[in-house]
Amino acid sequence: MQGVRQKYRPRTTCSLAIVKTRVDTSSALCSLFTIERLQMAQDNFHQPVLEREIVELFASLPAGVIVDATLGGAGHAHAILSSAPQLRLVGIDRDPEARAVATNRLATFGERVVVVDAAFADLPAVLDGHRSFLAGQDVVGVLMDLGVSSHQLDAAQRGFSFRSDAPLDMRMDPTKGETAAQYLAHVDRHELARVLRANGENRFAGAIAKSILERQPTTTDELSDAVERAVPMAARRRGHVATRVFQALRIEVNQEEDQLAMGLSAALDALAINGILAVISYHSGEDRVVKTTLREAETGGCTCPNELGCVCGAVRRVKVFKASAQLARAEEIAANPRARSARLRIARKIAP
Ligand SMILES: C[S@@+](CC[C@H](N)C(=O)[O-])C[C@H]1O[C@@H](n2cnc3c(N)ncnc32)[C@H](O)[C@@H]1O
């Protein structure tokens, strides 16, 4: 247990009460922007998806602590805290730019918020390290809004997008781990093809993996070029293949599959009875993991025939709100195209 705690120890906490002094210091978390630049970055950082639905859900919760496990630009967090004065929030993000913007944006809520530098798989250690903030209150809600923010895609130097040329980085936390270029320097062709297939690029995965490894791209343009060369002209429609390849590499570089499995399990453990878990995913692979995990938690793994009732002693942990995922409304999709692929799944923890 001790080993696990150390491995997942959260790295930095930026207290909102001292945000102004912290932002101008040289700390890794807060030195990235000046206050003025933060303000500008905040305005265009990210438009939260399904905001109305998320606010309605969280505003109905009793007094307690909620965890925003993917704080981003704090769009959801700000909206929830504004309409639910009974809630306090632990906000987690592994991206220092996101934490700096969120810290500034949430400063108005003072002691109701703590912003934490961690990956959400580390939730148990985050909560353990913030027992004084929890002050004995229950965790009544967890929000996970998966994937990357618009800012991460738009900031060319982060290397997430094929739309502008930049070093092939793609790390959400640029202070640790391998860049995408470093990963491509050692992965073998079969493994790379598997990673591409697992993330939706079925038809050309083998040819693309071969082309990439022959060219060893170190920039986003070089990667796009390697993809293009492996895909027949007729199939290069509107960058769809490049989009999937970039997404697949990003998922691998940031170990998003492992993070999601561990994060969901940690969230279910952390919630108090009647607490709510809400997860927004943006591609079918992610949504499948969320759906399967929640279904298993709902059935407790029971496969007993309906007519017999459960005789295997399975323990049911949650009640899932709806069998199908909730989608964004047409007006929201018209205003924010990113909402088109959003799938929201919600579960309430139940007494065993
Ligand atoms: C879609 S954005 C969240 C936007 C946010 N809901 C808002 O309203 O601004 C996803 C954020 O989650 C962060 N993130 C993704 N995976 C993470 C992980 N495993 N641990 C911590 N943060 C993560 C990303 O860095 C990004 O800032």
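The values are calculated or read from the model by the stated rules, or taken from the named source; none is laboratory data. The model shown is predicted, which means the values in this text are computed figures rather than measured ones. Because the Cβ atoms are built from the backbone with ideal geometry, glycine has one as well, and the counts that use them run over all protein chains shown.
Quick notes on this one:
- Exclusive hit being within 19 Å of the chain's Cα centre (by Cα) and among the acidic types (Asp, Glu), set 138, 95, 128: 95
- Taken over region 59-78, residues that are farther than 17 Å from residue 120 by Cβ and away from the ligand (no atom under 11 Å from the Cβ) amount to 6.
- Residue tally, condition over 19 Å from residue 255 (Cβ atoms) and in contact with a strand residue (DSSP E or B) (Cβ under 6 Å, 6 or more places away or on another chain), over region 134-164: 8
- Candidates 164, 150, 132 - the one that is near the ligand (Cβ under 9 Å from one of its atoms) and polar (S, T, N, Q): 150
Residue-wise test of (1) touching a Ser or Thr at 6+ places or on another chain (Cβ under 9 Å); (2) assigned to a strand (DSSP E or B).
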position	(1), (2)
264	yes, no
274	no, no
278	no, yes
287	yes, no
292	no, no
311	no, no
314	yes, no
322	no, no
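- Within the set 320, 311, the sole residue that is surrounded by fewer than 19 Cβ atoms within 10 Å (Cβ to Cβ), over 29 Å from residue 202 (Cβ atoms) and modelled with pLDDT of 95 or more turns out to be 320.
- Residues of region 59-78 satisfying the condition of being more than 12 Å from residue 145 (Cβ to Cβ) and assigned to a helix (DSSP H, G or I): 59, 78
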